[in-house]
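Trainee: Structure in structure tokens, see below.
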Amino acid sequence: MTKQYFTYTYGCQMNESDSEVMAGILEEAGYTRAARVEDADLALINTCCVRRTAENKVWGLLGSLGHLKKRRPGMVIAVSGCMPQQEGVADEIRRRFPAVDLVIGTHNRHELTRLLARVETEGPVTEVLPEACCVPEGLPVKRESALRAWVPVMYGCNNFCTYCIVPYVRGRERSRRPENIVREVEALAAQGCREVVLLGQNVNAYGKGLSPRINFAGLLALLNEVEGLWRIRYTTSHPRDFGDELIEAAARLDRVCENFHLPVQAGSDRVLRLMRRGYTREGYLELVRKIRGSVPGASITTDIMVGFPGETEEDFAATLDLVRQARFDQAFTFVYNPRRGTPAASFEGAVAEEVKSRRIQELIGLQQSIGRELNQAEEGRVHEVLVEGPSAGNPERLTGRTRTNKTVVFDGDPATAGRLAAVRINTGRLTHLEGKVVGKDEG
Ligand code: SAH
Ligand code: SF4
Ligand code: F3S
């Protein structure tokens, strides 16, 4: 009987990519994917700790898997990723959930097979490495989608924004060699993958320390030449490092999509300084203007936080005002939570929970009205859509995405899945666009 595994993934796309690598490693070792956790011999939880809500989900899940294990005593429970990489958390997991067999961090996922073998012979194993040994290459990947692939280009972050745990749990910036990235993307395109999403906590720091010298714009130029690849996306870029060279590259390179995800976090200079973001409100708005000037039709998305320590009504009003001026297509909004060991966790002026909830509601309300207006403004326009397949909400219709990363639900031929279609938008909704095929492009 082959062993079966079941994975849970929390957090960012980098974590989803890591889970695909761990699934690849497991399948290479002979495991198959279980349809339900109840059938699994191995339950792997790849965790996130960027906010308290992400951690709470994992604590809850560990409780229910502990119960399941009482009925399936042979089941191995493994915890990986950012949560155990924090000081003391691996021990806390062990203490609260003795049913857990393996605890690893973010720096040794590529050794999963060796670690599981140790569990088999020795019993429970905890191995959290303080830092990465290297940039592992050539690992097997079990991808969720044949059409679109996550491709990490750099790992770690050196920015140390004062609220953020990521640099502590992901280590220092390290970039993959361009030839390895190009080879991976070429192989993907040869297998029919049409879109890649280049991943990094801060992709515009790509290439630091590599020789010969290369930067992110240079990497985009290399990937733009890969035959059979239609679309290149990337996330996340830091507004501070988003220079003219990168804007020009995005404007010039035909495969690079017209979508810019630029987390602003706050609209008040005082708060931005306390967050150590390295740009001002005006600098950010200038960047938005430049992008709109150089890349017609670009969509701009962002992350925003409310309730940073000491955030006053005036600071919050500055965030709302920035949102009105920037007119984001979409914003991911968060309530600030202190993260242990980060500078902001000891800042004074904690904002009361009810104030945070009121502010986030107000922010979401404003952003929704802007997002809806922008989507309505798409009505009548024709977009190139990469057809994914039947829409989950309505299998009679198809779904896909525009180059600007908007979801489109439309009427068309299901046989066009995997191709590009020209879709005329007839309705702009809050969360997506609706339309009808006007003709086929390529493919
Ligand atoms: N590397 C990316 C993403 C980091 S985490 C970047 O630099 O933008 C994703 C988002 O989570 C951040 O953009 C921020 O808005 C939010 N976030 C990070 N730390 C947080 C905290 N302590 N409380 C609430 N939100 C947080
Ligand atoms: Fe966190 Fe800032 Fe690094 Fe993003 S750039 S991962 S917010 S420290
Ligand atoms: Fe979370 Fe780790 Fe990503 S903390 S957001 S999974 S880098």
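Any read-out appearing in this document is the output of simple, stated calculations on the displayed coordinates, not a laboratory observation. As the structure is a prediction and not an experimental result, all values here were calculated from the model. As a convention, Cβ positions derive from the backbone with ideal geometry for all residues, glycine included, and neighbour counts pool all protein chains shown.
Trainee: Which value, in debye to the nearest 20, describes the size of the charge dipole of the chain about its Cα centre when Lys and Arg Cβ atoms bear +1, Asp and Glu Cβ atoms bear -1, and nothing else is charged?
Mentor: It works out to roughly 400 debye.
Trainee: With each pseudo-label sitting 7 Å past Cα toward Cβ, what's the Ala117-Lys3 distance in nm, one decimal?
Mentor: 1.1
Trainee: Could you list the GluC sites (Glu not before Pro) in the stretch 354-403 that lie in coil according to DSSP, counting only those with at most 11 other Cβ atoms within 10 Å of their Cβ?
Mentor: On the way: sites: Glu354, Glu362, Glu373, Glu378, Glu379, Glu384, Glu388, Glu396; in loops: Glu378, Glu379, Glu396.
Of the GluC sites (Glu not before Pro), the ones in loops of the stretch 354-403 whose Cβ has at most 11 other Cβ atoms within 10 Å are Glu396.
Trainee: Same structure, new question: Enumerate the calculated ³J(HN,Hα) couplings along the stretch 220-225 in order (Karplus 6.51 cos²θ - 1.76 cosθ + 1.60, θ = phi - 60°), each rounded to whole Hz, writing x wherever the residue is Gly or Pro.
Mentor: 4, 5, 5, 6, 4, 8
Trainee: Which cross-chain or sequence-distant (5 or more) residues have an amide H under 5 Å from the amide H of Val197, H modelled 1.01 Å from N in plane?
Mentor: Under 5 Å from the amide H of Val197: Ala149, Trp150, Val151, Arg233.
Trainee: When the Karplus curve 6.51 cos²θ - 1.76 cosθ + 1.60 is applied with θ = phi - 60°, which whole-Hz ³J(HN,Hα) does each residue of the stretch 155-161 get, with x for Gly and Pro?
Mentor: 3J(HN,Hα) across the stretch 155-161, in whole Hz: 10, x, 8, 10, 7, 6, 4.
Trainee: Let me ask something additional. By per-residue mean of other Cβ atoms within 10 Å, what is the highest-first order of 151-159, 427-435?
Mentor: Ranking, from highest mean packing down: 151-159, 427-435.
Trainee: Something else about it: Provide the FRET efficiency to the nearest 0.05 for the Glu373-Glu314 pair, computing r from the beta carbons and using R0 = 25 Å.
Mentor: 0.45
Trainee: For the stretch 1-58, which trypsin sites (Lys or Arg not before Pro) are in a loop by DSSP, counting at most 13 other Cβ atoms within 10 Å?
Mentor: Filter output for the stretch 1-58: Arg36.
Trainee: When the Kirkwood radius is taken over all Cα pairs of the chain, what Stokes-Einstein diffusion coefficient follows at 4 °C and 1.567 mPa s, in µm²/s? Display every interim value, and only then the final one.
Mentor: Values: Rh = 23.3 Å.
Translational diffusion coefficient: 56 µm²/s.
Trainee: Please give the Cα centre distance for the stretch 409-441 versus the stretch 7-59, rounded to the nearest Å.
Mentor: So the separation of the two Cα centres works out to 33 Å.
Trainee: Using Cα pairs under 8 angstrom and six or more residues apart, how large is the relative contact order of the stretch 73-226, in percent? All intermediate terms of the calculation are to be shown ahead of the outcome.
Mentor: On the way: 210 pairs, mean separation 29.9, N = 154.
Answer for the stretch 73-226 is 19 percent.
Trainee: Right, another one. Would you kindly derive the ³J(HN,Hα) couplings of the stretch 183-197 from the backbone phi angles with the Karplus curve 6.51 cos²θ - 1.76 cosθ + 1.60 (θ = phi - 60°), listing them in order in whole Hz, with x for Gly and Pro?
Mentor: 4, 5, 5, 4, 5, 4, 5, 5, 8, x, 6, 10, 9, 10, 10
Trainee: Select from Val203, Val125, Val169 the residue whose mean-square fluctuation is largest in a Gaussian network model of the chain (Cα-Cα springs shorter than 10 Å).
Mentor: The residue that fluctuates most here is Val125.
Trainee: How large is the direction-averaged shadow of the alpha-carbon convex hull of the stretch 4-127, in nm²?
Mentor: Directional mean of the projected Cα hull area for the stretch 4-127 stands at 6.8 nm².
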